[in-house]
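Working notes for the structure below.
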Amino acid sequence: MSQRANALADRLEQGARQLATLAASLSDAEWQTRVKDGRKVGVVVHHVANMYPIEIQLAQTLASGKPISGVSWDNVHEINHGHAKDQDNVTKEAALDLLKRNSEAAAAAIRALTDQQLDEAHPISLNSDAPLTCQFFIEDHALRHSYHHFARIREALKRS
């Protein structure tokens, strides 16, 4: 197993645990609090969990030596908007279960990558076709995602 891949997976799991711990501690009212973009806290927790498989699939595309093409920020916003509508009443139990399952699967997929795969650099349409490494993509998307939304949720809870 690659030490780098294992360290990336550990950091992803740490972020998912941090988000899960916060989410598990929330009251029903806090679960319904809206974050800055208008989504409910519960929807955002479920969103992070929901995106892990997509983010990992894209990272695996890079790891296999192929570019990420045809994926735009408009696509991402469309997915997020549809998810928010579909999951508006998501329960804490369902969101936490999905977060646990999908973060574990994401970490396992990351641990399966070699150093050579992490170093694969190819154009990424989400980043203006810049040739970025698989490791960067993992760090910027799957790994960072829970930390980003943890901070947004904490901000929303302080405002409420």
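The values are calculated or read from the model by the stated rules, or taken from the named source; none is laboratory data. None of the values given here were measured: they were computed from a predicted structure. Using ideal geometry, Cβ is built from the backbone for each residue, glycine included, and neighbour counts are taken over all protein chains shown.
Among residues of segment 86-104 that are under 12 Å from Leu19 (Cα atoms) and in contact (Cβ under 8 Å) with a residue 40 or more places away in the chain, those with a Cβ under 8 angstrom from a residue that is buried (at least 21 other Cβ atoms within 10 Å of the Cβ) and of a type in the set (Ser, Thr, Tyr), sequence gap 6+ or separate chain, pair up as Ser103/Tyr52; Ser103/Ser146. For the subset of segment 105-136 comprising residues that are part of a helix (DSSP H, G or I), of a type in the set (A, V, I, L, M) and without any contact (Cβ under 8 Å) to a residue 60 or more places away in the chain, which member is surrounded by the most Cβ atoms within 10 Å (Cβ to Cβ)? This residue is Ala109.
Do any residues in segment 19-31 that are within 17 Å of Arg144 (Cα to Cα) have Cβ atoms under 6 Å from those of residues that are among the hydroxyl-bearing types (Ser, Thr, Tyr) and buried (at least 17 other Cβ atoms within 10 Å of the Cβ), where the two are at least six apart or on different chains, and which pairs are they? Correct list of pairs: Leu19/Ser146.
Ser146 - would you say it is at pLDDT 95 or above and over 16 Å from the mean Cα position of the chain (by Cα)?
Values: at pLDDT 95 or above: yes; over 16 Å from the mean Cα position of the chain (by Cα): no.
No, not satisfied.
Could you list, in sequence order, all residues of segment 77-86 that are under 19 Å from Ala142 (Cβ atoms) and either over 16 Å from the mean Cα position of the chain (by Cα) or loosely packed, with under 14 Cβ neighbours inside 10 Å (or both)? Steps first, answer last, please.
First, pick out the residues of segment 77-86 that are under 19 Å from Ala142 (Cβ atoms): 77, 79-80, 83.
Selection gives His77 alone.
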